[in-house]
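Only the coordinates and a few stated rules stand behind these numbers; no lab work does. These numbers were taken from a predicted model, which means no experiment stands behind them. Virtual Cβ from ideal backbone geometry, glycine too; neighbours counted across all protein chains shown.
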Amino acid sequence: MSSEAYIQYRGILLPLLAHSRESLEYAEKFSVEDSDVFAVTYPKSGTIWMQEILPLVLNGGDPTPVQTIPNWDRVPWLEEKRLALVVDKMESPRGLVTHFPYYLMPPSFHTSKAKVIYVMRNPKDIVVSSYYFHKMAEFLDKPGTFDEFMEKFLEGKVLFGKWTDHVKSWRSTDLGDRIMYITYEEMVQDLPAALRRISDFLGRNLSEEAIQKIAEHCSFATMKRNSMSNFSLVPKVYMNSDTSPFLRKGIVGDWKNHFSPEQLARFSSVIRKELEGENFSLPWSL
Ligand code: A3P
């Protein structure tokens with residue numbers, strides 16, 4: 001892995017294009033407000049989907065933010081450089097995203113009442129999505145073959161470390177009713193139902209009409225057309241959508257088109273072993 005493209009931060013690997021020592025220090029000192037809402041994801045689990053959903057739910061379905069502000073400024077990443085540039089313009093309640101494992105959350109988060117929506121996705125689909133992302137993201141090292149990339153993923157030599165560590169950290173918090181768990185699969189299967197859960201969790205009493213309107217605005221097809229969400233504003237030297245679009249397939253189970261029987265056996269046994277003894281179960285079979 002070429003060291004120029006990455007920064008090592010407390011045991012995890014981050015891309016330098018979006019992160020710096022200063023942005024990480026800023027995140028450590030960030031002042032979390034009680035009304036803040038964090039969508040937390042391991043990369044490729046539905047982060048930009050939540051950057052669409054949160055403003056819509058928090059604003060009663062008003063599409064103005066998702067149609068006028070790029071996703072990275074509308075619901076910024078806690079750990080990225082953009083946060084310091086936009087934070088003063090953000091109105092409460094603020095929506096934020098982070099890929100941080102639980103132990104990297106800033107002290108002010110722990111003393112606040114900020115809420116968390118933790119989005120989980122089947123790791124088999126994550127590794128496929130991430131493989132294509134590494135092909136198109138010119139600021140990252142090329143992924144090599146799918147087999148090589150899967151090994152890196154299982155060893156945690158990828159952005160934000162091991163998937164299992166991330167999930168374990170967020171499944172064993174002491175956040176009580178400040179945290180809600182949802183899966184990417186649930187959102188694909190019945191988006192209005194997922195939006196109702198999110199809206200209830202955030203104390204928004206949205207009408208059925210508003211829920212249906214939000215579901216339309218954050219559907220895969222609408223987001224793919226939305227230049228504020230599909231990364232088409234990013235120059236192709238950084239993200240080359242001709243190689244693979246960021247909003248690629250948006251489906252459940254694409255791993256079946258990529259895993260050989262041997263890869264499936266290896267992947268499942270490594271993940272199962274690492275989750276042995278944990279007191280939560282996964283909503284998918286591995
Ligand atoms: P695929 O590569 O499998 O298509 P993240 O934002 O965490 O990087 O995750 C990106 C993944 O979420 C991509 O998966 C992308 O297509 C998918 N995604 C984003 N918005 C979506 C939507 N509205 N519906 C379904 N999938 C969506």
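Things to note:
- Boolean, residue 80 is part of a loop (DSSP other than H, G, I, E, B), touching a residue at least 40 places away in the same chain (Cβ under 8 Å), within 16 Å of the ligand (Cβ to nearest atom) and closer than 20 Å to residue 229 by Cα: yes
- Any pair with Cβ under 7 angstrom, 6 or more apart, that starts in region 243-256 at a residue that is under 25 Å from residue 139 (Cβ atoms) and ends at one that is in a loop (DSSP other than H, G, I, E, B) and more than 7 Å from the ligand (Cβ to nearest atom): 246/230; 246/231; 247/230
- Taking first residues from region 189-201 that are under 16 Å from residue 116 (Cβ atoms) and partners that are more than 13 Å from the ligand (Cβ to nearest atom) and of a type in the set (Lys, Arg), the Cβ contacts under 9 Å between residues at least 6 apart in sequence or on separate chains come to 198/204; 201/115.
- Scan of region 198-227 for residues that are part of a helix (DSSP H, G or I), surrounded by fewer than 15 Cβ atoms within 10 Å (Cβ to Cβ) and away from the ligand (no atom under 16 Å from the Cβ), ordered by number: 200, 208, 209
- Pairs, first in contact (Cβ under 8 Å) with a residue 40 or more places away in the chain in region 159-184, second of a type in the set (Val, Ile, Thr) and part of a loop (DSSP other than H, G, I, E, B), C-beta under 8 Å, six or more apart: 179/173; 184/252
- Tally, over region 254-286, of residues that are in a loop (DSSP other than H, G, I, E, B) and polar (S, T, N, Q): 4
- Residue-level check: of (1) surrounded by fewer than 18 Cβ atoms within 10 Å (Cβ to Cβ); (2) under 17 Å from the mean Cα position of the chain (by Cα); (3) within 14 Å of the ligand (Cβ to nearest atom), residue 241 misses just (2).
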